[in-house]
Amino acid sequence: MWPVLPDTERDQWNYLPGRILGPLRMDMHREDVIAALAAHSFTAKSDGYSPGWDPVRFAKESAPLGQAAVECYFYADGELAYVQVDGRVGPQVTCEGIRLIGRVPSQLAQEMEAHATRHDIGVRYSPTGDFSCDGFQLELGAQRVGDRVVSWALFFVSGDDHSNTRDNAPKTVWHRW
């Protein structure tokens, strides 16, 4: 009922903040994103509405109940704005050696804190209390899996004001089940 893929069954993506997320460049347009993910066996589905956004969901054929592994949101001109990776069936995304997806949130926070301390960078908490390092250009969240939770992530290019980018994200991204 609440399947969570082990890392060995997930696509493995690297993340270079604000630039590259797996097969995606953060400056790609809709058609290029669809083609890039199709090359990795993801099927696109444009069946949702998010006011002001053009969302496209991507799932693997083998995903339980067609669960979207990745959701991309595009600006009106078609440029990629946000990429949300599902905590249960999404690719494993690694940034600076830290696995971000499908993790117990407290363990992920400990790794983030250790990284911030080692590299003398700032830290921050999201409005939902999730911890991350400055410069990662992402928001983390927790997604229910039966009686426990796992981490999901929302990736974006933030420019100088991270909070503005977070606050302008599609409202649907904050409701993960």
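The values are calculated or read from the model by the stated rules, or taken from the named source; none is laboratory data. This one's a predicted model, so the numbers in the text were calculated from it and none came from an experiment. All Cβ positions, glycine included, derive from the backbone under ideal geometry; neighbour counts span all protein chains shown.
The set of residues in region 93-110 being buried (at least 21 other Cβ atoms within 10 Å of the Cβ) and touching a residue at least 60 places away in the same chain (Cβ under 8 Å) consists of V93, C95, L100, I101, G102. For region 4-11, state whether one or more residues are closer than 15 Å to Y82 by Cα, assigned to a helix (DSSP H, G or I) and either of a type in the set (D, E, K, R) or at pLDDT 95 or above (or both). No, that holds for no residue.
Filtering region 29-42 for residues that are polar (S, T, N, Q), surrounded by fewer than 15 Cβ atoms within 10 Å (Cβ to Cβ) and at pLDDT 90 or above leaves a non-empty set. In the set (1) of a type outside the set (A, V, I, L, M); (2) surrounded by 18 or more Cβ atoms within 10 Å (Cβ to Cβ); (3) closer than 17 Å to Q137 by Cβ; (4) more than 12 Å from the chain's Cα centre (by Cα), R19 fails one condition alone, (2). Of everything listed in (1) surrounded by 15 or more Cβ atoms within 10 Å (Cβ to Cβ); (2) assigned to a loop (DSSP other than H, G, I, E, B); (3) at pLDDT below 90, the single unmet condition for D54 is (2).
Condition check ((1) surrounded by 15 or more Cβ atoms within 10 Å (Cβ to Cβ); (2) touching a Lys or Arg at 6+ places or on another chain (Cβ under 9 Å)) across all residues:
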site	(1), (2)
M26	yes, yes
S46	no, yes
G66	no, yes
A69	yes, yes
L80	yes, yes
G129	no, no
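Are any residues in region 79-127 within 22 Å of V33 (Cβ to Cβ), charged (D, E, K, R) and part of a strand (DSSP E or B), and if so, which ones? Matches in region 79-127: E79 only.
The numbered conditions (1) closer than 30 Å to Q110 by Cβ; (2) in a loop (DSSP other than H, G, I, E, B); (3) out of contact with any strand residue (DSSP E or B) (no Cβ under 7 Å at 6 or more places or on another chain) are all true for A76 except (1).
Within region 3-39, the set of residues being out of contact with any strand residue (DSSP E or B) (no Cβ under 9 Å at 6 or more places or on another chain) and either in contact (Cβ under 8 Å) with a residue 12 or more places away in the chain or of a type in the set (F, W, Y) (or both) comprises E31, A39. With the condition kept exactly as written, say whether any residue in region 135-157 is at positive phi, buried (at least 17 other Cβ atoms within 10 Å of the Cβ) and either in a loop (DSSP other than H, G, I, E, B) or among the hydroxyl-bearing types (S, T, Y) (or both). Yes, region 135-157 contains a residue that is at positive phi, buried (at least 17 other Cβ atoms within 10 Å of the Cβ) and either in a loop (DSSP other than H, G, I, E, B) or among the hydroxyl-bearing types (S, T, Y) (or both).
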